[in-house]
Amino acid sequence: MRLNKFLAQAGVCSRRQADVMIRSGKVTVNGLKVSMVGFVIDENRDVVRISGKKVSLKRERVYFLLNKPKGYLSTVKDNFNRSTVIDLLKDKDKKAFPVGRLDLNTEGVLLLTNDGDLSFRLTHPRFGIEKVYQAQVKGKFTKAAIEKIKGGIELEEEVKATAEAKILQATKEFSVIELKLKEGRKREVREILKKIGFPVIELKRIRFATLTAKGLKIGDYRKLTPSEVLSLKKMVGLI
């Protein structure tokens with residue numbers, strides 16, 4: 001088994017985050033530091049440690065849906081001791097990690113799990129998982145702006161972001177719009193809107209795949225139902 005997959009299945013972090021840990025030299029296998037992302041281990045014999053702490057596979061899978069508030073980072077730990085979404089979980093549930101990210105000032109639907117395979121597929125562009133956001137922006141949003149977004153906005157050299165957009169409310173001072181996209185680059189929604197002259201005032205994710213925060217107060221979370229987990233796995237070909 002690849003080392004990054006082992007760390008994800010152990011519930012430590014996602015595969016992408018595992019790659020970062022490996023490259024940084026925090027991971028050892030049988031006492032030897034490993035920095036190669038594609039390193040393969042025998043999960044039944046080899047001893048894996050992160051910063052000296054032994055890591056074992058977790059057989060029990062957990063799946064939580066959080067209505068994330070502002071002011072919390074979508075990560076497990078922060079080097080500057082800032083609040084993270086894990087702080088919102090009860091102690092017995094802290095073995096989960098966030099799937100993808102919502103930035104510090106964005107609220108809404110966030111999935112947390114220790115299922116590394118599911119997390120990897122839900123965040124990989126190849127699977128085209130849909131995310132829907134509601135944004136309040138400065139200025140009066142127009143149909144011309146919708147067409148610009150549909151045609152693709154260049155965020156960096158040779159990288160274009162596209163999304164479906166619709167206007168929910170538009171006044172001279174501000175507008176409320178809904179954006180639907182299938183990628184998940186860092187601060188993508190904010191950057192798209194900023195590029196076309198509509199800075200974000202408020203932003204929340206209202207749907208991730210099939211999941212919404214209906215019935216959840218800001219800061220609250222719940223377990224996913226078996227049918228919700230099944231649906232997500234079917235979407236990414238795990239069933």
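The values are calculated or read from the model by the stated rules, or taken from the named source; none is laboratory data. Keep in mind that this is a model prediction, so the values were computed, not measured. FYI the Cβ positions are ideal-geometry reconstructions off the backbone, even for glycines, and counts take in every protein chain you see.
Quick notes on this one:
- Scanning the range 87-98 turns up one or more residues that are closer than 18 Å to Arg207 by Cβ and either surrounded by 14 or more Cβ atoms within 10 Å (Cβ to Cβ) or more than 17 Å from the chain's Cα centre (by Cα) (or both).
- Residue pairs whose Cβ atoms lie under 8 Å apart, separated by 6 or more positions or on different chains, with the first residue in the range 223-239 and on the phi > 0 side of the Ramachandran plot and the second among the basic types (Lys, Arg), are Gly237/Arg121.
- Conditions (1) part of a helix (DSSP H, G or I); (2) buried (at least 19 other Cβ atoms within 10 Å of the Cβ); number of the one not met by Leu112: (1)
- In the range 173-190, residue nearest to the chain's Cα centre (by Cα) [restricted to those that are at pLDDT 95 or above and either surrounded by fewer than 16 Cβ atoms within 10 Å (Cβ to Cβ) or among the aromatic types (Phe, Trp, Tyr) (or both)]: Lys180
- Here the condition is being surrounded by fewer than 18 Cβ atoms within 10 Å (Cβ to Cβ) and part of a strand (DSSP E or B); of Arg82, Arg45, Arg49, it holds for Arg49 alone.
- Between Ala165, Ala161, Ala145, Ala135, the distinction of being modelled with pLDDT under 95, surrounded by 15 or more Cβ atoms within 10 Å (Cβ to Cβ) and outside the structural domain of Asp115 (by TED's automatic domain parsing) belongs to Ala161 only.
- Just one of the listed residues (Leu155, Leu118) is touching a residue at least 24 places away in the same chain (Cβ under 8 Å) and either in contact with a strand residue (DSSP E or B) (Cβ under 6 Å, 6 or more places away or on another chain) or over 30 Å from Ile239 (Cβ atoms) (or both), and it is Leu155.
- Single condition Ile22 does not satisfy, out of (1) closer than 20 Å to Thr113 by Cβ; (2) assigned to a helix (DSSP H, G or I): (1)
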